[in-house]
Structure formats: structure tokens, C-alpha cells
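The values are calculated or read from the model by the stated rules, or taken from the named source; none is laboratory data. Values in this document were obtained by computation on a predicted structure and should not be read as measured data. As a convention, Cβ positions derive from the backbone with ideal geometry for all residues, glycine included, and neighbour counts pool all protein chains shown.
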Amino acid sequence: MYSFITRKLKYFIILLFGLINASTAFSAVVPQIEHQSKESFLEEFFGEEEYSWNILKLDQELKDKANKILTHRFGASRIRYWASKDKTVWIIDELGKEMPITMAVGVSNNTIIDFKILVYREERGGEVHNVYFRKRIIGSKLSDDGLSKDVDGITGATISVTACKRVAELALTFHEQIF
Amino acid sequence: MNRVVAVPFVLFLLVSLSACASYQGGPGFIPANPEQIAEWQLEGDLEFKDKNTKNKKIYFNYVSIGEDYEFQIKDRPGGETVAVLNGVTDSNLLPEYTATSDSLDSVLPIETLRTSLPLEKMNYWLRALPVSGEAKITQKKNAPVSNIKESGWDIHFQDYMVLGNFLLPDKLKLQKDDSIIKMNIVRGDTGYLSGPCPDDLERPKQSFVNNAREEKVKKYSTVEELVPSDGSAPPPIWIEKTGFCQQLYKLHGKIPDPKIGLFGPKSVMWKLVSPYSVASTVPGPALTLQFYHPWLAKSVYDSSMVHDDFLERIQRTGIGFGAVIYGSMPQVMAIAHKMYNSHSQIEGTLNRDIGPYKKDSKYRATEVHAMLWILASFSDALVKSYKKYEGYLSDEEKEQFYEETKLFGMLMGIPETSFPKNWTEFVAYNDAMRKSSLTTYSYEGKALSDRILIAPNSWLIPAWWVLKNLTIADLPQEVRDDFDLEFGFFRRLTGAFMAGSITIASKIFPKFLSYNPLYHEANARLEGKRANWYHKWQIKFGLNVDGLVN
């Protein structure tokens with residue numbers, strides 16, 4: 001009886017192992033890349049400074065501004081941000097081709113001083129994470145035409161570049177409301 | 001160890017290691033910010049307890065559009081609405097209410113609900129967000145929020161579920177003084193509640209949506225218009241964003257119950273697609289026929305990740321078709337936008353003459369005739385596969401299926417005027433296309449058809465061998481010849497044997513096993529329940545998502 005149970009158990013373990021492994025048959029790479037976590041970005045950006053989160057409520061005027069910048073409706077009626085004495089961080093999702101791109105924008109003195117792609121979920125266009133591109137956005141202020149700096153596009157990443165520019169402009173617009 | 005066990009074990013280990021080698025892993029799901037969901041709804045049950053009320057349970061649907069909310073109370077999971085409480089988020093006013101039945105009074109008086117539930121704050125709490133800057137949030141590093149203390153309430157988030165691109169709580173406990181509220185969220189939608197194109201800053205006017213003049217002039221296309229007998233290509237009709245949204249608005253108005261979706265359990269579409277025998281054998285011939293269209297082949301070949309990650313491309317296609325067929329209207333609209341956004345990026349110039357398409361002419365994926373061919377190849381493969389494995393389809397069913405196919409087409413942005421008149425004409429169009437020079441061999445088409453017939457990894461070699469035999473057997477002779485797909489005696493024999501086995505298996509096994517898991521997940525949605533673990537596991541296994549249409 002004991003050997004019978006042991007034998008059955010062996011088959012069961014093999015079967016279980018098989019099922020677990022079979023699960024890998026259809027597993028594919030989900031094109032989601034987390035370049036940096038929100039927490040890590042905040043720690044890096046604020047360093048030793050004290051910071052806390054707060055909420056910016058969007059009145060109709062601000063909503064209209066946001067819609068105009070994004071060229072589509074901004075989903076939120078308010079947005080959380082993180083702030084120290086003179087700096088703010090805005091973590092905003094903007095649609096790329098199919099999926100939202102999560103971006104973090106650090107602003108001080110109405111100027112973008114840090115810009116990162118936290119999560120990139122698209123198949124293509126991930127070059128916007130590269131330093132050379134982010135440097136084109138860092139240092140930007142608000143101007144009549146949007147951003148003060150010319151941000152050149154990247155071949156094959158046009159939609160992602162546009163999304164980054166819009167979010168950068170939106171973060172500067174929100175920052176203006178705080179300071 | 002006994003040799004009987006040892007030999008298969010070692011063999012199994014070797015195969016498993018090869019599977020591990022083909023496993024590519026991934027970082028998993030990384031949720032988007034729930035604060036930016038403009039409109040959403042959650043469905044579940046709520047248990048309420050205070051000093052006067054003992055554990056009373058109700059079923060609800062919480063709908064949020066902007067700052068407005070509506071708390072619909074249901075008579076049972078997924079049932080009829082018996083009362084509605086509505087108001088504005090974070091307002092000091094009690095919600096307004098309407099009751100359509102007094103059945104609620106015996107469970108929980110609506111006045112109790114109105115005064116005791118913090119509905120005006122749930123708009124944020126149900127997304128694990130604080131209402132104001134006063135809230136105290138407990139959250140471990142890189143983990144979802146576990147607790148919010150705000151306005152005297154202590155909210156524990158006990159579990160989370162993936163919903164669209166978001167991670168939302170599915171088990172909450174809210175406590176204030178003597179009041180305890182336990183909430184179980186079963187399912188939800190994260191967009192497209194108020195309309196099919198909610199991101200549009202300007203909504204189309206009624207005249208734009210119902211273009212009566214256009215419909216009066218022309219109601220359908222003839223086969224001659226779609227497939228000119230002189231061998232030329234019909235002039236391209238591009239599907240622009242406005243035209244695409246126009247079709248979605250028309251669809252949105254045609255569907256009586258958004259929860260049922262585009263088709264529903266009484267549709268012929270569900271009848272045809274749901275058996276595994278059909279769902280698993282349709283993609284092969286349908287895709288190969290698509291690649292028989294040089295534009296489509298070029299589009300996929302040049303733009304798709306099919307070369308880098310073939311399996312994921314297949315899964316994405318499966319997710320798209322599955323969500324359109326079985327999803328609720330919000331899910332259908334979400335996937336329609338995703339597909340349009342993706343397809344609208346695909347364009348280029350032909351580098352040589354292919355059939356009637358000239359060198360240097362433009363091609364785009366969002367072109368009416370190309371989209372119509374995708375639809376035609378899918379519908380044709382579907383009906384043939386159903387007849388082969390499942391049985392008879394009456395003329396009425398075929399006609400109804402065609403009407404449903406048109407809904408599918410409208411979702412892709414195809415105007416109604418571009419469809420053939422009826423099923424018979426649609427079949428005639430299909431035949432004419434296959435025999436015309438509009439569909440022909442191209443090296444891109446050949447490369448893609450070869451690619452889809454090769455197993456993506458070692459685990460799938462046996463399954464792919466079966467599918468390859470069945471696919472080749474189901475293709476029209478001219479496609480087999482052009483793509484050089486050998487269909488000799490051995491393949492005919494094995495194809496016939498496999499087809500017979502599939503038919504028998506489909507007849508023997510109950511729906512629980514013989515119908516695809518999305519069918520079961522969609523039915524669970526309609527019953528206000530979650531899909532069971534087995535079907536959820538199948539969805540994860542096959543499509544690599546935690547759930548699709550619940």
C-alpha cells in the first residue's frame with residue numbers, strides 16, 4: 001500500500017512539474033520596462049531635502065490648459081505631486097501608440113531639472129529613455145510655443161517624443177500653480 | 001528509483017530544460033496611475049454592519065465619470081438595478097436617490113445606505129487614492145497602498161486585481177466607529193462609459209453621426225466595385241480618426257446593453273467562435289489568407305514585431321479578437337482604439353510592383369479594402385471551420401453572422417457603404433478576391449505564412465504540427481500553390497485523422513472543457529461573477545494576461 005502511494009506521488013510530482021513548465025510554453029516578453037521606480041526617483045531627486053506629497057485640484061481653466069497641451073482630454077480632475085521648499089515632482093502617464101508611458105518630471109524655478117521615463121510599455125520608441133534625448137528636455141521652461149528648448153524628434157519614436165514634450169509642458173504648467 | 005519512472009523523468013527534464021531555454025521572462029505587469037482614469041465602474045458586493053444593522057449584504061455597481069458618481073444597487077450579482085444613489089465626489093451633500101423597487105427595504109433601507117456609506121469619497125478610495133492631502137497613507141516600498149486613514153475612516157486594502165492598465169483594490173474593509181463595510185470587487189471597466197471617443201475635445205454633432213444623405217445615396221458596395229473585373233485595384237479609401245470615431249458612435253448607439261458587448265450569448269459569432277475546435281483552428285488559415293493580400297503582408301512584414309517575438313504578436317492578435325468578440329462595450333471600445341492607434345502607424349511605399357499595386361504607391365493598414373479583406377478572411381475561415389468541426393449553419397444564421405461581421409468591421413472603421421449587400425454577396429466577394437490579382441504571392445506573404453507554421457518554442461512543436469496540417473488542409477488550392485505549401489498524401493491523411501479526432505473530442509467533452517476560456521469569462525461577467533480558476537489559468541496560459549473580458 002505504501003509503495004503504491006509513493007509511486008502515485010512520484011507521478012503526481014512529475015505531472016505537476018510538467019504543468020508548471022508547460023505554462024512557459026506561451027509565456028512571452030511583455031514589453032513593459034520599469035526604468036526606475038517612483039520611490040527611487042523621488043529619493044534621487046530630492047536627496048537630503050525634506051519633501052511630502054500634496055494634491056493639485058484642477059479648476060476648469062487649468063483643465064482646459066491641460067487638454068490643450070495634450071490635445072486630448074486629461075483624465076484626472078486633480079493630480080498628486082511631491083514637493084520640497086522650491087521643487088516639485090510630477091508623475092504623469094501619457095498614451096504612446098497603444099499604452100501609457102509613465103514619466104517623472106522634476107521642476108524647480110519654473111525649469112525642468114530632471115526628466116525620466118519610469119515605465120515604458122510600448123513595443124517601439126523606447127529611445128526616449130536615453131540620456132541624449134532626456135537632456136533635450138531638461139532645462140526647458142514654458143514659452144508661448146510650448147517648451148523653450150527645441151526638442152528634436154527621434155526616427156521611429158515620433159509618438160513617444162510627442163508624448164514626452166506634452167508631459168514636460170504639462171508639468172511646468174502645473175508647477176506654476178504651486179509656486 | 002524505478003527505471004519505469006526514471007527514464008520518463010530524465011526525458012521530461014531534458015524537454016523542460018529546453019522549454020526553460022525558450023522562456024524569455026519579463027518584468028510582469030507595471031500598473032499605470034489610477035488617478036488619471038477619467039471614467040470607470042466597479043461591480044461587486046458590500047457587507048454593512050453597525051450597531052443597528054447586522055451584516056447586511058447588497059450587490060452594487062459604482063460608476064464614476066469625472067467627479068460625478070452613481071452607486072447602483074442590484075437585486076443580485078449582475079442583476080437589475082433596484083435603486084440608485086448619485087452625487088459629486090468629496091461633496092458635503094448627501095447623495096440623491098431613486099428607487100425602482102422596494103425589494104431593497106427588506107435588506108438595507110436606502111436611507112441607511114445614503115447616510116452611512118461614504119459614497120462621496122469612494123470615488124478615490126476605490127482606487128486606493130486619498131481624497132485630500134490630509135490622508136495618512138501606509139504603503140511599503142514598491143508595493144500598493146495597504147491602508148488609508150482619512151475623515152475618521154480606516155480603510156484596509158486587503159487585495160488587488162489587474163483591471164486594464166491599472167491595479168485596483170478588489171477587497172477592502174472600511175471602518176469608522178461602529179460601522180464596518182466590507183467590499184468585494186468582482187470586475188470593472190476603466191474607460192469608454194460616456195462614449196466611444198471620450199478623449200475627443202469636440203464631440204461630433206448628430207448630423208455627423210447619422211449621415212442620412214450618405215446612406216440614401218449608397219447603401220452597400222457591389223463585388224465589381226470591390227474587385228474590379230479589369231484587374232485594377234479599387235481606389236484606396238483611408239480610414240482617418242474622425243471616420244473611425246464616426247463608426248464607433250454609430251455602434252455605441254446600436255448596442256442596447258453595454259455589459260453584453262458587441263455580440264453576446266445569443267449571437268452567431270459566439271456560437272461559431274466559442275468551441276475550442278473552431279477557435280484553435282481558425283487563426284492559421286485566416287492569417288495565411290490575410291498574408292495573401294500584398295499590402296497586408298507588406299504591412300505586417302515591415303512593421304510588426306512578428307520577426308522578433310512571434311508568440312507575443314500572436315497573443316496580441318488573440319487578445320484583440322477575443323476582447324472584441326467577448327468584451328463588454330467599454331472593453332470593446334478600448335481595444336478598438338488600441339488597434340486603430342497601432343494600425344494607423346503602419347504605412348509605407350511599395351518597393352516594386354505587386355499584382356495591380358504599383359511601385360512607389362502608398363500602402364496603409366487603415367485602408368477600407370485591406371480591412372475588409374481581414375474581415376472576409378476571418379469570417380470565411382470561421383464559417384468553414386465551424387461547418388467542418390461542429391456542424392450545420394442555417395441560411396438565417398449565416399445572414400445574422402454577416403450582420404454581426406459588419407459590426408466587427410464598423411469597429412475597425414469600415415463604413416457600412418463599403419460592405420457587400422448580404423452574405424451571398426460577401427461570399428462572392430471573397431471568392432472574387434482570391435481569384436483576382438488583388439491577392440497574390442509576395443515574398444513577404446510567403447515568409448509570414450512560413451513563419452506562422454513554425455512552432456515558436458520547443459514546447460509547442462507537437463501542437464504546431466497539428467495546426468500546420470490542419471491549416472494547410474483548410475486553405476484554398478490556389479493559396480497552397482502560390483505559397484508552395486505541400487499537401488500530399490501523408491498530410492491529407494493526418495489532416496483527416498486530426499479533423500476527425502477534433503470533431504469527436506468536441507462532441508464528447510462538456511462546454512466547460514470544449515469551449516474556449518474567454519467564452520466562460522464573458523459569461524461570468526454577465527452573471528456578475530469572476531471566472532473560475534481553471535479558465536483564468538487557461539487565459540493566463542494562452543494569452544499571458546490575468547483576465548481579458550471580465
Against the condition in contact (Cβ under 8 Å) with a residue 40 or more places away in the chain, over 17 Å from B:G284 (Cα atoms) and out of contact with any Cys (no Cβ under 7 Å at 6 or more places or on another chain), how does B:S501 come out, does it pass? no
Here is a list of conditions, (1) among the aromatic types (F, W, Y); (2) surrounded by fewer than 17 Cβ atoms within 10 Å (Cβ to Cβ); (3) under 20 Å from B:A38 (Cα atoms), and B:Y97 meets all of them except one; can you say which number that is? (3)
Go through region B:72-86 and report how many residues are within 22 Å of B:A531 (Cβ to Cβ) and touching a Lys or Arg at 6+ places or on another chain (Cβ under 9 Å). 2
Matching residues, region B:71-88, being under 18 Å from B:S116 (Cβ atoms) and of a type outside the set (A, V, I, L, M, F, W, C): B:Q72, B:N86, B:G87
Kindly indicate whether A:K87 is touching a helix residue (DSSP H, G or I) at 6+ places or on another chain (Cβ under 9 Å), buried (at least 17 other Cβ atoms within 10 Å of the Cβ), modelled with pLDDT of 65 or more and of a type in the set (D, E, K, R). yes
Name the residue that is surrounded by the fewest Cβ atoms within 10 Å (Cβ to Cβ), counting only residues in region B:290-304 that are aromatic (F, W, Y) and part of a helix (DSSP H, G or I). B:Y301
Given the residues B:Y340, B:Y402, which is the only one that is away from chain A (no Cβ under 14 Å) and either outside any helix (DSSP H, G or I) or not aliphatic (A, V, I, L, M) (or both)? B:Y402
Quick test for you: out of B:Y292, B:Y326, pick the one residue that is over 29 Å from B:K259 (Cα atoms) and aromatic (F, W, Y). B:Y292
For region B:56-79, give me each residue that is acidic (D, E) and in a strand (DSSP E or B). B:D68, B:E70
Within region B:116-142, take every residue that is charged (D, E, K, R) and crowded, with 16+ Cβ neighbours inside 10 Å and give me the one that is nearest to A:I79 (Cα to Cα). B:R127
Tally the residues that are away from chain A (no Cβ under 14 Å) and either crowded, with 17+ Cβ neighbours inside 10 Å or touching a residue at least 40 places away in the same chain (Cβ under 8 Å) (or both), restricting the search to region B:343-367. 9
Within region B:231-261, how many residues are part of a loop (DSSP other than H, G, I, E, B) and more than 25 Å from B:S506 (Cβ to Cβ)? 15
Could we say that A:R136 is more than 30 Å from B:D68 (Cα to Cα) and not β-branched (V, I, T) here? yes
Of the conditions (1) in contact with a Lys or Arg (Cβ under 9 Å, 6 or more places away or on another chain); (2) over 16 Å from B:I237 (Cβ atoms); (3) surrounded by fewer than 22 Cβ atoms within 10 Å (Cβ to Cβ), B:E404 satisfies every one except a single condition; which number is it? (1)
Take the residues of region B:80-115 that are in a loop (DSSP other than H, G, I, E, B) and of a type in the set (V, I, T): which is farthest from A:S77 (Cα to Cα)? B:V107
Return yes or no: is B:K540 more than 27 Å from B:K387 (Cβ to Cβ), within 14 Å of chain A (Cβ to nearest Cβ) and at pLDDT 90 or above? no
Kindly evaluate B:P510 against the criterion of being within 27 Å of the chain's Cα centre (by Cα) and within 14 Å of chain A (Cβ to nearest Cβ). no
Can you tell me which of (1) under 19 Å from the mean Cα position of the chain (by Cα); (2) surrounded by fewer than 18 Cβ atoms within 10 Å (Cβ to Cβ); (3) away from chain A (no Cβ under 14 Å) is the one B:G320 doesn't meet? (3)
Of all residues in region B:231-268, which are over 27 Å from B:V383 (Cα atoms), surrounded by fewer than 17 Cβ atoms within 10 Å (Cβ to Cβ) and not small (G, A, S)? B:P235, B:P236, B:W238, B:E240, B:K241, B:T242
Residues that are within 13 Å of chain B (Cβ to nearest Cβ) and within 16 Å of the chain's Cα centre (by Cα): find the strands (runs of 3 or more DSSP E) completely inside region A:30-144 holding 2 or more of those. A:78-83, A:87-95, A:100-108, A:111-120
In the set B:L272, B:L287, the lone residue that is assigned to a helix (DSSP H, G or I), touching a residue at least 24 places away in the same chain (Cβ under 8 Å), in contact with a Phe, Trp or Tyr (Cβ under 6 Å, 6 or more places away or on another chain) and crowded, with 20+ Cβ neighbours inside 10 Å is B:L272
Between a residue in region B:228-249 that is of a type in the set (S, T, Y) and any residue that is part of a helix (DSSP H, G or I), which pairs come within a Cβ distance under 6 Å, given they are 6 or more apart or on different chains? B:Y249/B:V209
Can you list the helices (runs of 4 or more DSSP H) found entirely within region B:466-540 that contain at least 3 residues being surrounded by fewer than 16 Cβ atoms within 10 Å (Cβ to Cβ)? B:477-482, B:489-508, B:511-514
Pick from B:I37, B:I73, B:I65: which is β-branched (V, I, T), buried (at least 19 other Cβ atoms within 10 Å of the Cβ), within 14 Å of another protein chain (Cβ to nearest Cβ) and closer than 23 Å to B:N550 by Cα? B:I37
Residue check: is B:F157 within 14 Å of chain A (Cβ to nearest Cβ) and either under 35 Å from the mean Cα position of the chain (by Cα) or free of Cβ contacts under 8 Å to residues at least 12 places away in the same chain (or both)? no
Region A:72-102, residues that are touching a Ser or Thr at 6+ places or on another chain (Cβ under 9 Å) and not acidic (D, E): A:S77, A:Y81, A:W82, A:A83, A:S84, A:K87, A:T88, A:I91, A:I92, A:G96, A:K97, A:I101
